1. Quick check on the range 85-106. Is at least one of its residues open to solvent by less than 70 Å² (accessible area, probe 1.4 Å), closer than 30 Å to D26 by Cα and small (G, A, S)?
2. In the range 1-35, which residue that is of a type in the set (S, T, N, Q) and assigned to a helix (DSSP H, G or I) is least open to solvent (accessible area, probe 1.4 Å)?
3. I need a count of the residues in the range 54-70 that are more than 15 Å from the chain's Cα centre (by Cα), exposed (fewer than 15 other Cβ atoms within 10 Å of the Cβ) and not polar (S, T, N, Q).
4. Based on what the data block shows, is E73 under 16 Å from the mean Cα position of the chain (by Cα) and within 15 Å of R3 (Cα to Cα)?
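The values are calculated or read from the model by the stated rules, or taken from the named source; none is laboratory data. Not measured: the values here are computed from a predicted model. FYI the Cβ positions are ideal-geometry reconstructions off the backbone, even for glycines, and counts take in every protein chain you see. Heads up: the accessible areas ignore ligands, DNA and RNA and are worked out on the full protein's heavy atoms, side chains in. Shrake-Rupley method; radii C 1.70, N 1.55, O 1.52, S 1.80 Å.
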Amino acid sequence: MKRLPDSELEIMQIIWEANTPVTRNDIQNQLPDSKSLAPTTILSFLSRLEQRGFVKVTKQGKSNWYESLVPREDYINSESQTMLKRFFGNSIKNLVVQLNDSKALEEEDIESLRSYLDQLTKEE
């Protein structure tokens, strides 16, 4: 699965969040105020997403409706695996070490991870 540029990912996030077909206008209305894009720019992003197989376009009357062809979870899984391989030698431990070394982990994060790992081992 190809990695999406940030601008197209932002459009996909809106489509995924809607969980139903949306129009270009719906997408524009969901963009944060700090990220105003021209309608033609949004249409360009949507066209690229369609070409890459991320969205399906259905014409209804004068409007195009866009819906996701790629589930959010599939994209996140793909990106997570790519990042893990690329930056951390496919090692979860290396990722956590980096987060800790960069002071990105707080005590509540560590406790949350510990609790999650405990839950996983109980399920096995």
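1. no
2. Taking the range 1-35 as the starting set, the residues that turn out to be of a type in the set (S, T, N, Q) are 7, 13, 19-20, 23, 25, 28-30, 34.
Still in the running and assigned to a helix (DSSP H, G or I): 7, 13, 25, 28-30, 34.
Numbers: S7: 33, Q13: 80, N25: 77, Q28: 57, N29: 106, Q30: 125, S34: 114 Å².
Top of the filtered list is S7.
3. Number satisfying all stated conditions: 5.
4. Details: under 16 Å from the mean Cα position of the chain (by Cα): yes; within 15 Å of R3 (Cα to Cα): yes.
Judged against the criteria, E73 is a match.
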